[in-house]
Structures are given as structure tokens and as C-alpha cells.
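Enquirer: Pasting in a structure now, in C-alpha cells, and then I'll have a few things to ask.
Just so it is clear, none of the values below were taken in a lab; they were calculated from the coordinates. Fair warning: this is a prediction, and the values are worked out from it, not measured in the lab. Every residue, glycine as well, gets a Cβ built from its backbone with ideal geometry; the counts of neighbours run over all protein chains shown.
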Amino acid sequence: MQGPPPLCFYCRHRRWDPGRGTHCAAFPDGVPQAVLQSRADHRQALAGDHGIAFEPREDAPQDLFAWTVEALDAQAAQPAAKSA
């Protein structure tokens, strides 16, 4: 089963166009793959985000948004993987 949509899907700063892909005010040159793949939580400050963090769109579907937030919170609660 595929996971929830990335947090960017619900962000008021998100933009997309064919020439640039997914970008936003925080990442005008393109949203990092870690954010798009929900490996980084942009509700918190991230390197290179120009001080702009996630802000939900007013029209974000609340059930899907909640699913994404729950997944990010569960990921953050897991202990960091140890190197072998």
C-alpha cells in the first residue's frame, strides 16, 4: 500500500509547473526529495528553506491532511536507525 501524500500537497506555498516541477517560496529551485518523499518534516525549519515553513491551505482535504500528519508524527517517534 502506498503512503499518504507528502505534506507539500496541502501547503499554501506549493507551486508546480512543467518546467520547474514542484517548487515553493521556501524552495524556489525545487522542493528537496526528502520533503517530497516525506522523509523530512517541513512543519519544522529545514536547511535552505529561507525561513518559510509549511502552512496549510484553507481548502486542504482534512482527512488526507490528518493521514499525512499522523504518518510524519509516527516516523518522528521511531528511534533513529543504527548504522551496521
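Enquirer: Roughly what angle does helix 62-77 make with the longest principal axis of the chain, taking Cα atoms, 0 to 90 degrees, to the nearest 10?
Expert: Approximately 50 degrees, to the nearest ten.
Enquirer: Using each residue's phi in region 43-48, evaluate 6.51 cos²θ - 1.76 cosθ + 1.60 at θ = phi - 60° and report the 3J(HN,Hα) Karplus result to the nearest Hz, with x for Gly and Pro.
Expert: So the J values, rounded to whole Hz, are 6, 10, 4, 10, 4, x.
Enquirer: HN-Hα J couplings of region 13-19 from phi, Karplus 6.51/-1.76/1.60, θ = phi - 60°, integer Hz, Gly and Pro as x?
Expert: 8, 5, 9, 8, 8, x, x
Enquirer: If you don't mind, another one. Using Kirkwood radius over Cα pairs in Å as the read-out, say which of [x] 17.0; [y] 12.9; [z] 13.6 was calculated from these coordinates.
Expert: Computed from the coordinates, Kirkwood radius over Cα pairs in Å corresponds to [z].
Enquirer: Taking the Cβ of Val35 as the centre, find all other residues whose Cβ is under 11 Å away and add up their charges (Lys, Arg: +1; Asp, Glu: -1).
Expert: +1
Enquirer: Mean-square fluctuation check for the chain, GNM, Cα pairs under 10 Å: which of His13, His42, His50 is largest?
Expert: For the chain, modelled as a Gaussian network with Cα springs under 10 Å, the answer is His50.
Enquirer: Near Pro6, within a Cβ-to-Cβ distance under 11 Å, what is the net charge of the other residues, with Lys and Arg +1 and Asp and Glu -1?
Expert: Residues close to Pro6 contribute a combined charge of +1.
Enquirer: Right, here's the next one. Could you work out the longest stretch of the chain that avoids the trypsin sites (Lys or Arg not before Pro) located in DSSP loops with at most 12 other Cβ atoms within 10 Å?
Expert: With trypsin sites (Lys or Arg not before Pro) excluded where exposed in loops, the chain gives 40-81 as its longest stretch.
Enquirer: Where a ≥ b ≥ c are the square roots of the eigenvalues of the C-alpha gyration tensor, would you call region 1-48 rounded, which needs a/c under 1.5, or, failing that, prolate if a/b is larger than b/c, or oblate?
Expert: oblate
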